[in-house]
Amino acid sequence: MRRLLLKSLFLRPVTIAAPGAAEAALDEVGRALEERVRRLLGRSLTIREVDAGSCNGCELEIHALNNVLYDLERFGFRFVASPRHADVLLVTGPVTANMREALLRTYLATPDPKWVIAVGDCAVDGGLFAGSYAVSGGVSAIVPVDLHIRGCPPSPVQLLEGLLALLQSEETKNRA
Ligand code: SF4
């Protein structure tokens, strides 16, 4: 016991170094997003997350967007509780039979113009769960999808890059 106490006195705290390069990338992507959203909407962009049957791995990465490292709100993005207040639906998971109707209703309740982003490999085509009796398919089998972000799960920076790609393509469409 004494040895353990002495050892703990001289041990350095176990901490993880901050990820330098990722932080720079995050800042760059975040600022680009902020600029585009201001140009496109003239206000913040609101997001409603819909878990259509995921394993929650994708949700962990989406939740990370709100933590102190990513802090999405500083770039003018907000998660909202109601689809009636949302510009973007961020949908995860294969769409299960139980969530099919809920997803459709959420889509219909979201005012136009709206964008749907399917997040994670499962949301593209059912992923690991494709073919299950309980799964209706990927998100595009139920509602129109504007962008797929692949990964199992995609990282928070990949999610931000996906949002940026969506806004870029909308800007291009508007100019045409
Ligand atoms: S893509 Fe991966 S992390 Fe996301 S819901 Fe499917 S299995 Fe889970």
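The values are calculated or read from the model by the stated rules, or taken from the named source; none is laboratory data. Predicted model, so just to flag it, every value in this text is computed and none were measured. Counting neighbours? That spans all protein chains shown, and the Cβs are built from the backbone with ideal geometry, glycine included. Ligands, DNA and RNA are excluded from the accessible area calculation, which covers all protein heavy atoms including side chains. Shrake-Rupley method; radii C 1.70, N 1.55, O 1.52, S 1.80 Å.
What the table shows:
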item	result
Computed over region 88-176, Cα set: Rg, Dmax in Å	13.4, 44
Calculated over region 83-133: convex hull of Cα atoms, volume per residue (Å³)	63
Accessible carbon and sulfur surface of region 42-176 relative to its total accessible area, %, 1.4 Å	53
Calculated FRET value between A25 and R78, using beta carbons and R₀ = 25 Å, to 0.05	0.70
Estimated FRET transfer efficiency (S132, L11; beta-carbon r; R0 30 Å; 0.05)	0.05
Cα pair distances in region 1-122, grouped into 10 Å bins until the bin that holds the longest one, percent each	12, 32, 27, 13, 8, 6, 1
E170 versus A109: modelled label distance in nm, points set 7 Å from Cα along the beta carbon direction	2.1
Dipole of the chain, positive direction: furthest Cα of P94, I117, G57, with charges on the beta-carbon	G57
Debye, to nearest 20: dipole size of the chain, +1 on Lys, Arg Cβ, -1 on Asp, Glu Cβ	540
Residue-normalised accessible area of region 1-126, given per residue in Å² at a 1.4 Å probe	60
Signed unit charges on C-beta, dipole axis of the chain, positive-most listed residue G131, L72, L11	L11
